[in-house]
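Everything on this sheet refers to the single structure shown next.
The values are calculated or read from the model by the stated rules, or taken from the named source; none is laboratory data. Predicted, not measured: the structure shown is a model, and the values here were computed from it. Neighbour counts run over all protein chains shown; Cβ positions are idealised from the backbone, glycine included. The protein model used for the area step is the full one, side chains on, heavy atoms only, and it has no ligands, DNA or RNA in it. Shrake-Rupley method; radii C 1.70, N 1.55, O 1.52, S 1.80 Å.
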Amino acid sequence: MHSKSYLTVRYAETDKMGIVHHSNYPVWYEVGRTDYIKLFGVSYSDMEKAGVMMPLINLTCNFRKPAIYEDNILVRTWAIGLRAASIEFTYSVKRINEDGTETELGYGTTEHGFIDSKTFRPCNVKKRMPELYAKVKAAVRGE
């Protein structure tokens, strides 16, 4: 199971050459991650209300072709690893061409810990949010 997030490259995301600055890819990953979590009937806000936060542990970005101003972008997001105290996502960023085909622009991963919002110590999301854990675990790609 994966989410699909659609974006249009904004002028503010580009550099003087009209090419998307690399720093925008992690922001797009966040959009994808937020949409992915919503597939399970929970939002990031719901997780935070339950006392769970997801700080970033690791980030990779691989670039193949540039995105440019006004490109229509598709970010596909999958969970590829889930443990009681961490989760890993993978992302595919593609341009949607005028004929409907897709061109791969890049891909990446992020790894996040689950921490208690009051103590900032690792927490066991399997115990804190068992329904969400079970749903995501069942959908994890490759497990």
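For the range 4-33, taking the residues that are aromatic (Phe, Trp, Tyr) and open to solvent by 50 Å² or more (accessible area, probe 1.4 Å), the one that is farthest from the chain's Cα centre (by Cα) is identified as TYR11.
When SER92 is tested against (1) more than 14 Å from the chain's Cα centre (by Cα); (2) without any contact (Cβ under 8 Å) to a residue 24 or more places away in the chain, exactly one condition is not met: (1).
Could you check THR101 against (1) crowded, with 19+ Cβ neighbours inside 10 Å; (2) free of Cβ contacts under 8 Å to residues at least 40 places away in the same chain; (3) over 19 Å from the mean Cα position of the chain (by Cα) and say which number it fails? It is condition (1) that THR101 fails. Restricting attention to the range 18-38 and to residues that are in a loop (DSSP other than H, G, I, E, B) and touching a residue at least 12 places away in the same chain (Cβ under 8 Å), the residue that is farthest from PHE89 (Cα to Cα) turns out to be GLY18. The single condition among (1) at pLDDT 95 or above; (2) closer than 23 Å to ALA134 by Cα that ASN24 does not satisfy is (2). Filter the range 121-137 down to residues that are aliphatic (A, V, I, L, M) and out of contact with any Gly (no Cβ under 9 Å at 6 or more places or on another chain) and give me whichever is surrounded by the most Cβ atoms within 10 Å (Cβ to Cβ). It comes out as VAL125.
Going by the conditions given, is GLY41 under 19 Å from the mean Cα position of the chain (by Cα) and in a loop (DSSP other than H, G, I, E, B)? It is true that GLY41 is under 19 Å from the mean Cα position of the chain (by Cα) and in a loop (DSSP other than H, G, I, E, B). Among the residues of the range 44-59, is there at least one that is surrounded by fewer than 18 Cβ atoms within 10 Å (Cβ to Cβ), under 28 Å from GLY100 (Cα atoms) and under 17 Å from the mean Cα position of the chain (by Cα)? Within the range 44-59, not a single residue is surrounded by fewer than 18 Cβ atoms within 10 Å (Cβ to Cβ), under 28 Å from GLY100 (Cα atoms) and under 17 Å from the mean Cα position of the chain (by Cα). Hey, can you tell me all the residues within the range 91-143 that are farther than 22 Å from LYS49 by Cβ and assigned to a helix (DSSP H, G or I)? Matches in the range 91-143: ALA138, ALA139.
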